[in-house]
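Asks: What follows is a single structure, and I will ask about it in a moment.
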Amino acid sequence: MRVLVIGRGGREHAIVWALSKSPKISKLFCAPGNGGIAGLAECVPITELQFEEISTFAKEQAIDLVMVAPDDPLAAGLVDHLESKGIAAFGPRANAAIIEGSKVFMKQLLKKYSIPTAAYESFDAYEPALAYLRSQTAPIVIKADGLAAGKGVTVAQTMEEAEAALKDIMVGQVFGASAGASVVIEEFLTGQEMSLLAFVDGSTVRLMVPSQDHKPVFDNDKGPNTGGMGTYSPLPHIPESIVQEALVNIVQPTADAMVAEGRPFKGVLYAGLILTPNGVKTIEFNARFGDPETQVILPRLKTDLLDIFLAINNGTLAEQPIEWSDQAAVCVIVASPGYPGPYPKGLPITGLDQVQESLVFHAGTAVDENGQIVTNGGRVLGITGLGKDIIEARQKAYADADRIHFEGKHYRTDIAMKALK
Ligand code: AMP
Ligand code: GLY
């Protein structure tokens with residue numbers, strides 16, 4: 001088969017890496033890809049929202065399956081576009097990807113089907129939103145409705161911060177007019193977070209191994225939120241009964257609700273969960289693989305990933321064997337100086353050939369005119385160590401993170417420590 005993956009980050013590198021092991025694939029393309037993906041797939045200079053260019057390329061190259069990895073093209077209907085041209089695509093259609101694309105939709109769905117989530121109100125005008133907010137107390141959480149590159153959520157510790165966030169979203173429209181046209185104001189919850197991803201084919205749900213992300217930029221969860229500074233799997237300190245509770249109370253009922261709404265979800269459904277003293281509750285749903293969760297999940301998958309994608313598209317996921325390894329995986333993100341604020345690009349990266357024990361997934365790299373790999377994004381590399389347990393996987397990831405250099409690189413030193421306390 002000839003397969004095209006859409007996207008350019010560490011997640012896409014991990015997906016391409018997993019697919020590259022499939023004996024059924026004769027040719028892999030990635031659009032647009034990055035400096036690391038180029039070693040495994042032919043990178044094509046077409047970007048994620050160039051729908052016509054993508055479908056024309058897929059026709060010309062006789063592509064058998066287009067795997068759409070990122071949120072933006074899914075929400076904008078790339079899968080629908082490809083299907084309308086007779087091209088097979090993996091990922092939810094726009095009417096299902098809305099579970100990530102609109103937080104108001106997601107909250108209303110969960111409320112309608114009594115699926116556990118934080119209590120909330122939603123508003124599509126500033127004045128009533130402000131009046132409601134002033135009747136509440138901090139801490140409180142303010143969320144822009146639409147996609148905002150992971151930056152649309154403010155966990156406000158004070159009312160001043162909450163009012164400023166609301167104003168930025170609805171009046172300042174800092175995430176754009178559309179993403180900021182509505183807001184969700186919700187209850188602040190406390191507890192450990194867990195990313196629970198599932199393969200979903202309409203009503204069949206098959207959980208992946210659980211993982212945990214680290215969003216704040218600095219150790220001990222200090223500093224502003226990022227796209228994710230590291231992940232690990234399994235979660236030895238979280239009992240299997242909690243994972244089952246999440247499946248039975250949240251993930252399966254959500255897939256069923258989408259079917260009942262006439263929006264069957266086919267693809268990867270990502271539940272962002274929080275383990276509160278009152279049970280597991282939903283923070284968010286994403287309509288895709290997580291980044292950097294994928295960089296610890298797929299290295300533990302023993303089954304051919306292409307077989308799972310095809311089973312989802314054929315509606316035979318219930319019969320598809322899916323096997324996971326017992327190994328532990330820890331991914332440490334190495335970031336650009338300044339990230340998540342402004343950062344330079346084009347810094348030469350050295351030491352990649354010194355890496356001994358880990359998988360290196362490129363997130364923001366490019367190859368310059370001299371053939372040198374350089375930085376090209378905020379999150380630059382994800383170093384995934386694998387071992388018999390979290391301790392060993394951590395040691396390998398950090399040893400290799402130290403073998404790689406670029407000016408001003410930084411990473412968190414406490415990835416996976418929550419599992420070891
Ligand atoms: P999101 O962009 O939706 O993943 O949210 C970013 C982060 O904000 C989450 O990973 C949580 O740490 C935090 N967060 C979101 N909603 C809540 C909530 N209701 N209570 C506490 N923290 C939250
Ligand atoms: N790791 C968080 C996300 O992919 O949204």
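Bear in mind these aren't lab numbers, they're just calculated from the coordinates by the rules spelled out. As the structure is a computational prediction, the values presented were derived from the model and not from experiment. FYI the Cβ positions are ideal-geometry reconstructions off the backbone, even for glycines, and counts take in every protein chain you see.
Asks: At q = 0.12, 0.15, 0.19, 0.21 Å⁻¹, work out log10 I(q)/I(0) for the stretch 74-218 with the Debye formula, treating every Cα as an identical point scatterer and leaving solvent out; two decimals please.
Replies: -0.59, -0.89, -1.26, -1.39
Asks: Taking a threshold of 28 Å on the Cα-Cα distance, which of the pairs Lys396/Lys421; Lys21/Lys396; Lys215/Lys281; Lys107/Lys215 fall above it? Present the calculation step by step, with values, prior to reporting the outcome.
Replies: Values: Lys396/Lys421 19 Å; Lys21/Lys396 23 Å; Lys215/Lys281 18 Å; Lys107/Lys215 22 Å.
Cα-Cα > 28 Å for no pair; all within.
Asks: Further question: Please rank Ser241, Ser178, fewest neighbouring Cβ atoms within 10 Å first, as an exposure proxy.
Replies: Going from sparsest to densest Cβ surroundings: Ser241, Ser178.
Asks: Please go through the stretch 276-330 and write out the GluC sites (Glu not before Pro) that DSSP classes as loop and that have at most 15 other C-beta atoms within 10 Å.
Replies: When the GluC sites (Glu not before Pro) of the stretch 276-330 are filtered for loop state and at most 15 Cβ neighbours within 10 Å, Glu323 remain.
Asks: Can you compute the modelled spin-label distance between His405 and Glu323, with each label point 7 Å from Cα toward Cβ, in nm?
Replies: That separation, rounded to one decimal, is 4.3 nm.
Asks: Please report Glu407, Glu12 as a ranked list, fewest other C-beta atoms within 10 angstrom at the top and most at the bottom. Write out the running numbers ahead of the final one.
Replies: Numbers: Glu407 11, Glu12 30.
Exposure proxy ranking, most exposed first: Glu407, Glu12.
Asks: Can you give the local net charge around Phe51? Use residues other than it whose beta-carbon is closer than 11 angstrom to its beta-carbon, Lys and Arg +1, Asp and Glu -1.
Replies: Summing Lys and Arg as +1 and Asp and Glu as -1 gives -3.
Asks: For the stretch 372-387, take each phi angle, set θ = phi - 60°, evaluate the Karplus expression 6.51 cos²θ - 1.76 cosθ + 1.60, and give the result in whole Hz per residue in order, putting x for glycine and proline.
Replies: Values, residue by residue: 7, 6, 10, 6, 8, x, x, 8, 9, 9, x, 9, 9, x, 10, x Hz.
Asks: Under the Karplus relation 6.51 cos²θ - 1.76 cosθ + 1.60, θ = phi - 60°, what is the ordered set of whole-Hz ³J(HN,Hα) values for the stretch 416-421, x standing for Gly and Pro?
Replies: 3J(HN,Hα) across the stretch 416-421, in whole Hz: 6, 5, 4, 7, 10, 7.
Asks: For every helix of n ≥ 4 consecutive DSSP H residues, a contribution of -39,500 (n - 2.57) applies; sum these over the chain, divide by its total residues, and give [θ] at 222 nm rounded to the nearest 500 deg cm²/dmol.
Replies: -7500 deg cm²/dmol, from helical runs alone.
Asks: Ok, one more. Long-range amide H contacts for Ile322: which residues qualify at under 5 Å (H placed 1.01 Å from N, peptide plane, sequence gap of 5 or more or a different chain)?
Replies: none
Asks: Sticking with this structure for a sec: Report the calculated FRET efficiency for Val259 and Ser135 (r = Cβ-Cβ distance, R0 = 35 Å), to the nearest 0.05.
Replies: Taking R0 as 35 Å, the efficiency between Val259 and Ser135 is 0.40.
Asks: By average Cβ neighbour count within 10 Å, what is the ranking of 382-392, 342-352 from highest down?
Replies: 382-392, 342-352
Asks: In 5 Å bins starting at 0, how do the alpha-carbon pair distances of the stretch 167-249 split up by percent?
Replies: Reading upward from the zero bin: 3, 11, 14, 15, 17, 18, 13, 8, 2.
Asks: Give the calculated FRET efficiency between Glu245 and Glu53 to the nearest 0.05, with a Förster radius of 56 Å applied to their Cβ-Cβ distance.
Replies: On the way: r = 45 Å, r/R0 = 0.80.
Using R0 = 56 Å, I get an efficiency of 0.80.
Asks: With Kirkwood's inverse mean 1/r over C-alpha pairs for Rh, give me the Rg to Rh ratio of the chain, two decimals please.
Replies: 0.95
Asks: Tell me which residues come under 5 Å, amide H to amide H, from Thr226 once H is placed; ignore anything under 5 positions away on its chain.
Replies: Close amide H contacts, sequence-distant or interchain: Val217.
Asks: What is the sum of charges around Val174, taking Lys and Arg as +1, Asp and Glu as -1, for the other residues whose C-beta is under 15 Å from the C-beta of Val174?
Replies: Net local charge, Val174 excluded: -1.
Asks: Considering every Cα-Cα pair within the stretch 1-78, what fraction, in whole percent, is farther apart than 18 Å?
Replies: Cα-Cα pairs in the stretch 1-78 separated by more than 18 Å: 31 percent.
Asks: Apply the Karplus parameterisation 6.51 cos²θ - 1.76 cosθ + 1.60, with θ equal to phi minus 60°, to every residue of the stretch 299-308 and state each ³J(HN,Hα) to the nearest whole Hz, in sequence, with x for glycine and proline.
Replies: Working through the residues one at a time gives x, 9, 7, 8, 7, 5, 4, 4, 4, 5 Hz.
Asks: Among Arg412, Arg8, rank each residue by its count of other Cβ atoms within 10 Å, from fewest to most, as a rough exposure measure.
Replies: Arg412, Arg8
Asks: Further, regarding this structure: I want the local charge near Ala138. Using Cβ-Cβ distances under 14 Å, sum +1 for each Lys or Arg and -1 for each Asp or Glu among the other residues.
Replies: Summing Lys/Arg as +1 and Asp/Glu as -1 gives -4.
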